[in-house]
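Enquirer: Here you go, one structure.
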């Protein structure tokens, strides 16, 4: 095996709290523990396409632990295998992966640490399998939907924002005798809605994994009214959908490399609840508030552990792997397992059954 001298690190996909903590841990561990050089790659894989690479030192990562976002920048648009270009007034998607290989070779990068979610790790996996590029993944996403790991960093911070927001809405809902609908992120996974809904005392929780019946939702709210509870909190995941229906799409982007933009389910549910129950219903969409700000202590620690163990994997020559959390331990799983087996809420899980036992409605 070729001796590693220089590693590159990139952050790709959506931003979230904890990215800087990983970068800091990678740089400090690489330099102090193993004597590696570290190169930062700007804006995800776009930096490898556009040759935007620069040295990262301990000084560069000093003081970034509590900062949100990423000092490297990020992008969820620049898949080297399907790269958007304008040619003769038309949009085309071409394979520029060989440009990435040239950048890697020119900068003498021996291995790349790819920090990101399923899209990022899928690209890393393709470079590993097609070109043999040594890759080590670090799982990042507020959605907590990446395979192979019990939890991703960024989730806890987003969960805190969502729960805090539900707490805020609770008092105004109770004061005005209203139904408050709060739409949270999560895409095809209901982890944020489920955990924040339970932690915040949500009366109804709607998640993608359990298609809902709006009549059942209304019944739950009306049952509360009969018990003297003249308000309700409804937590809706952006990917929730009615039985036999589909997700609500905010905008369809004419770009096959980009996922559809979800959004609007909260307003749909709110309108239907008001129509069926006659209760005044207001909707709050948290959106990108869940992505921003300083990482929680849990995410700082988890991200730092991930960064340290990613460099440790490099030293051990274990490429094509991703660091992962299993119980209290940090382990490694294949990039294939991480990218190809998304993690979803089990409708029969203990936390769902517990919430139902407490009287929480899931629209079923």
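The values are calculated or read from the model by the stated rules, or taken from the named source; none is laboratory data. Only a predicted model underlies this, so the values are computations on that prediction, with no experimental measurement involved. In this analysis, Cβ positions are derived from the backbone assuming ideal geometry, glycine residues included, and neighbour counts consider all displayed protein chains.
Enquirer: Which ones in the range 309-318 are out of contact with any strand residue (DSSP E or B) (no Cβ under 6 Å at 6 or more places or on another chain) and either surrounded by 19 or more Cβ atoms within 10 Å (Cβ to Cβ) or free of Cβ contacts under 8 Å to residues at least 60 places away in the same chain (or both)?
Expert: 311, 316
Here is a yes/no grid of residues against (1) touching a strand residue (DSSP E or B) at 6+ places or on another chain (Cβ under 6 Å); (2) loosely packed, with under 15 Cβ neighbours inside 10 Å:
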| site | (1), (2) |
| --- | --- |
| 210 | no, no |
| 228 | no, yes |
| 260 | yes, yes |
| 264 | yes, no |
| 273 | yes, no |
| 281 | yes, no |
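Enquirer: Given the conditions (1) at pLDDT below 95; (2) surrounded by fewer than 17 Cβ atoms within 10 Å (Cβ to Cβ); (3) in contact with a strand residue (DSSP E or B) (Cβ under 7 Å, 6 or more places away or on another chain), which single one is not true for residue 88?
Expert: Unmet for residue 88, out of (1) at pLDDT below 95; (2) surrounded by fewer than 17 Cβ atoms within 10 Å (Cβ to Cβ); (3) in contact with a strand residue (DSSP E or B) (Cβ under 7 Å, 6 or more places away or on another chain): (3).
Yes/no matrix, rows are residues, columns are (1) part of a strand (DSSP E or B); (2) within 26 Å of residue 168 (Cα to Cα); (3) in contact with a helix residue (DSSP H, G or I) (Cβ under 6 Å, 6 or more places away or on another chain):
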{"position": "209", "(1), (2), (3)": "no, no, no"}
{"position": "218", "(1), (2), (3)": "no, yes, yes"}
{"position": "234", "(1), (2), (3)": "yes, yes, no"}
{"position": "266", "(1), (2), (3)": "no, yes, no"}
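Enquirer: Considering only residues that are closer than 18 Å to residue 48 by Cβ and either outside any loop (DSSP other than H, G, I, E, B) or free of Cβ contacts under 8 Å to residues at least 40 places away in the same chain (or both), which ones fall in the range 1-21?
Expert: 6, 7, 8, 9, 10, 11, 19 - these are the residues of the range 1-21 that are closer than 18 Å to residue 48 by Cβ and either outside any loop (DSSP other than H, G, I, E, B) or free of Cβ contacts under 8 Å to residues at least 40 places away in the same chain (or both).
Enquirer: On the basis of being in contact with a strand residue (DSSP E or B) (Cβ under 8 Å, 6 or more places away or on another chain), modelled with pLDDT of 95 or more and in the same structural domain as residue 180 (by TED's automatic domain parsing), does residue 252 make the cut? Can you show your working first?
Expert: Working: in contact with a strand residue (DSSP E or B) (Cβ under 8 Å, 6 or more places away or on another chain): yes; modelled with pLDDT of 95 or more: no; in the same structural domain as residue 180 (by TED's automatic domain parsing): yes.
Answer is no for this residue.
Enquirer: Only one residue in 202, 190, 197 is crowded, with 24+ Cβ neighbours inside 10 Å and over 20 Å from the mean Cα position of the chain (by Cα). Which one? Show your work before the answer.
Expert: Details: 190 fails: over 20 Å from the mean Cα position of the chain (by Cα); 197 fails: over 20 Å from the mean Cα position of the chain (by Cα).
Testing whether each residue is crowded, with 24+ Cβ neighbours inside 10 Å and over 20 Å from the mean Cα position of the chain (by Cα) leaves just 202.
Enquirer: What tally of residues in the range 128-152 results from selecting those that are over 14 Å from residue 114 (Cβ atoms) and within 11 Å of the chain's Cα centre (by Cα)?
Expert: 5
Enquirer: Filter the range 16-45 for residues that are under 20 Å from the mean Cα position of the chain (by Cα) and surrounded by fewer than 21 Cβ atoms within 10 Å (Cβ to Cβ) and give the result.
Expert: 42, 43
Enquirer: Residue 287 passes all but one of (1) within 23 Å of residue 210 (Cα to Cα); (2) in contact with a helix residue (DSSP H, G or I) (Cβ under 7 Å, 6 or more places away or on another chain); which number fails?
Expert: Exception for residue 287: condition (2).
Enquirer: Could I ask something else about it? Hey, among the residues in the range 164-182 that are in contact (Cβ under 8 Å) with a residue 60 or more places away in the chain and within 26 Å of residue 150 (Cβ to Cβ), which one's surrounded by the fewest Cβ atoms within 10 Å (Cβ to Cβ)? Quick ask: steps written out before the conclusion?
Expert: Filtering the range 164-182 for residues in contact (Cβ under 8 Å) with a residue 60 or more places away in the chain gives 165-166, 169-170, 173, 176-182.
Right, trim to within 26 Å of residue 150 (Cβ to Cβ) and you get 165-166, 182.
Working: 165: 20, 166: 23, 182: 26.
That would be 165.
Enquirer: Okay, next question. Only residues in the range 63-89 that are on the phi > 0 side of the Ramachandran plot count as the first member; pair them with residues that are assigned to a loop (DSSP other than H, G, I, E, B), Cβ under 7 angstrom, at least 6 apart or cross-chain, and list the lot.
Expert: Listed pairs, sorted by first residue: 69/15; 73/42; 73/43.
Enquirer: Right, something else. When you scan the range 107-201 for strands (runs of 3 or more DSSP E) that lie fully inside it, which ones turn up with 2 or more residues that are not assigned by TED's automatic domain parsing to the domain that holds residue 82? Walk me through it before giving the result.
Expert: Values: elements: 111-116, 135-139, 179-184.
Once the strands (runs of 3 or more DSSP E) in the range 107-201 are filtered for at least 2 residues that are not assigned by TED's automatic domain parsing to the domain that holds residue 82, what remains is 179-184.
Enquirer: Which of the residues spanning the range 286-308 are in contact with a strand residue (DSSP E or B) (Cβ under 6 Å, 6 or more places away or on another chain) and surrounded by fewer than 19 Cβ atoms within 10 Å (Cβ to Cβ)? Spell out how you get there, then give the answer.
Expert: Start the filter on the range 286-308 by keeping residues that are in contact with a strand residue (DSSP E or B) (Cβ under 6 Å, 6 or more places away or on another chain), which leaves 286, 299, 302-303, 305-306.
Of everything in the range 286-308, just one residue is in contact with a strand residue (DSSP E or B) (Cβ under 6 Å, 6 or more places away or on another chain) and surrounded by fewer than 19 Cβ atoms within 10 Å (Cβ to Cβ), namely 305.
Enquirer: Is one or more of the residues making up the range 88-100 within 24 Å of residue 346 (Cα to Cα), touching a helix residue (DSSP H, G or I) at 6+ places or on another chain (Cβ under 7 Å) and either in the same structural domain as residue 68 (by TED's automatic domain parsing) or assigned to a strand (DSSP E or B) (or both)? First the steps, then the outcome.
Expert: In the first step, residues of the range 88-100 are kept if they are within 24 Å of residue 346 (Cα to Cα); the result is none.
Checked against the condition, which is being within 24 Å of residue 346 (Cα to Cα), touching a helix residue (DSSP H, G or I) at 6+ places or on another chain (Cβ under 7 Å) and either in the same structural domain as residue 68 (by TED's automatic domain parsing) or assigned to a strand (DSSP E or B) (or both), the range 88-100 yields no hits at all.
Enquirer: Can you tell me which of (1) closer than 22 Å to residue 145 by Cα; (2) under 21 Å from the mean Cα position of the chain (by Cα); (3) surrounded by fewer than 21 Cβ atoms within 10 Å (Cβ to Cβ) is the one residue 246 doesn't meet?
Expert: (2)
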